[in-house]
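Heads up: the structure comes next, in structure tokens.
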Amino acid sequence: KGNASAQANLGSLYLAGNQVPRDIARGLAWIRMAAAQNNPQALFDLGVATAGGLGMPKDPAGGVALYQRSADLGNAMAQNNLGDAYRDGVGVEKDALKAFQWFQKASDAGSPDGKVNLGIAYLTGLGVAKDGAKGQALLQQAADKGSAAARYSLAIVYRDGLGGMPKDLKKATALLQTAAGQGSVEAQINLGIQYQNGIGVTKDVPRAAALYQKGVDRGNALAQRILGEIYFIGLAEIPPDPARGVELLRKAAAQNDSVAQFNLGVAYMLGRGVTADPVQATAWYQKSADQGDIKASINLGMAYRDGQGVPKDPTRAAALFQKAAEQGVALAQTNLGQLYLTGTGVEKDIAKGLEWTRKAAAQNETTAQKNLGIAYLNGLGVAPDNAEAIRWLQKSADGNNPEAQAVLGTLYRLGRGVPQDYAKALALLTKSAEQNSPPGQTGLAILYYDGLGVAKDLAKARSLFEQAAARGDVEAINALKKIGG
């Protein structure tokens, strides 16, 4: 009979599959009929479908236009969604003041979500002067009426001291537990993080995993990624299951979770949970780097530097390292310093190379410390200084860098820059060799071959020389030729 409210309600039932088989096309048809009569609920539902691409191409701007029509007719949910759009700049230019105003209208119209967003606006100063007490009060009002979103947001206020409010981990945990029990995915994930790390609760990794699984079952990308990371490497009582981990990471990556995309790249590069595929690895690194993930940019830079999965391109590698290095990332500073020291992908510049190396070394990046120690040892861009060389090499070796352990062990064997000490040489070279460092294996082989600080053992010496030679160590190859290997 053309009743707009009935059309809107019937359309909503078909969209949700509530009491009738789900039928997106039929649901939208009824909703469009109601929207044509300016039914506020139908306009809102059509806005949600349009903005999200439900049964049609995604059109955020079109969704906002429909929210506007519904909001102007007093629909509180549309007013709240319009505030979301202005806050996030989705489908409309970002405007904090307009976001606040629409959240205020939604709250005044009785929208629990509007009241929550208005509270958060006061806590963060979004479009209004920051007022932590007022923001907390609004969240408390919504929480008292049973809003899971309000309880979750209030938990974050108590946990982090948002808006300058006093922290209270006990209250935060209780609120998260209540909101999680109401089905708030955000609360389930945050409570899972607390159980995973023993924050405010007794550490319980299986319980954390169960909470993450609830989010996974709802298709939440963050839950997929966190649980995927746990299965990828294993944690506490959760045994490693790389294939399951990759499956979850892939789901999160498909939702543009940049960290999941990076982790998926690592999986393909290592061949863990999937067949090793450097091309796929670099493709995932690129997707993650395009979203600003620094670790992905560095790994992509190393792929271009080494020609792994992409054609070797040291110039592009340098550009990727430069971007991350300028943001203070120690590994990128180390890599960029090495390129300047060797003139790879950039014009050789020892001073600039050492400058980046020092920045990384100051952050305890062990490869940079080792490189700086070698620079002082050999007088590369600095006056030779054995004491300074040993200081940096020792720092690196203490950080378990196998190359630094090999160099420092060799110096103790030779008595160069330090008193000759075969016992220290043996300890350092053993640690290096145990990490499969060819120079460490070669250095340790020499000790066993000559019986320096250890009983002479030609068989063990030969075995170590062979291990190092198999990985291209020239000194080991020459040693095997000399002893007839």
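For region 312-350, a residue qualifies if it is surrounded by fewer than 24 Cβ atoms within 10 Å (Cβ to Cβ) and among the polar types (S, T, N, Q), and the qualifying residues are 315, 322, 327, 338, 342, 344. Can you confirm whether residue 95 is closer than 27 Å to residue 41 by Cβ and among the acidic types (Asp, Glu)? The answer is yes for residue 95.
Residue pairs whose Cβ atoms lie under 8 Å apart, sitting 6 or more positions apart in sequence or on different chains, and linking a residue in region 145-164 that is touching a residue at least 60 places away in the same chain (Cβ under 8 Å) and buried (at least 24 other Cβ atoms within 10 Å of the Cβ) to a partner that is not aromatic (Phe, Trp, Tyr) and not in a helix (DSSP H, G or I), do not occur here. Only residues that are touching a residue at least 24 places away in the same chain (Cβ under 8 Å), in contact with an Asp or Glu (Cβ under 8 Å, 6 or more places away or on another chain) and among the aliphatic types (A, V, I, L, M) were counted in region 431-485, giving 2.
Which one of 404, 425 is buried (at least 24 other Cβ atoms within 10 Å of the Cβ) and over 39 Å from the mean Cα position of the chain (by Cα)? None of the others qualify; the one that does is 425.
For region 126-172, the set of residues classified as more than 16 Å from residue 107 (Cα to Cα) and in a loop (DSSP other than H, G, I, E, B) consists of 129, 130, 131, 161, 165, 166, 167, 168, listed by residue number.
Out of region 466-485, which residues are exposed (fewer than 12 other Cβ atoms within 10 Å of the Cβ) and not in a loop (DSSP other than H, G, I, E, B)? 474, 481, 482, listed by residue number. Regarding region 175-185, can at least one residue be identified that is under 26 Å from residue 253 (Cβ atoms) and either touching a residue at least 60 places away in the same chain (Cβ under 8 Å) or of a type outside the set (A, V, I, L, M, F, W, C) (or both)? Yes, region 175-185 contains a residue that is under 26 Å from residue 253 (Cβ atoms) and either touching a residue at least 60 places away in the same chain (Cβ under 8 Å) or of a type outside the set (A, V, I, L, M, F, W, C) (or both).
Consider region 36-70 and keep the residues that are in a loop (DSSP other than H, G, I, E, B) and among the small types (Gly, Ala, Ser). The one that is farthest from residue 84 (Cα to Cα) is 36. Considering region 51-67, and only residues there that are modelled with pLDDT of 95 or more and in contact with a Leu (Cβ under 6 Å, 6 or more places away or on another chain), the residue that is nearest to residue 25 (Cα to Cα) turns out to be 66.
The values are calculated or read from the model by the stated rules, or taken from the named source; none is laboratory data. Keep in mind that what you see is a predicted model, and the values were worked out from it rather than measured. Here the Cβ is made from the backbone with ideal geometry for all residues, glycine too, and neighbour counts use every protein chain on show.
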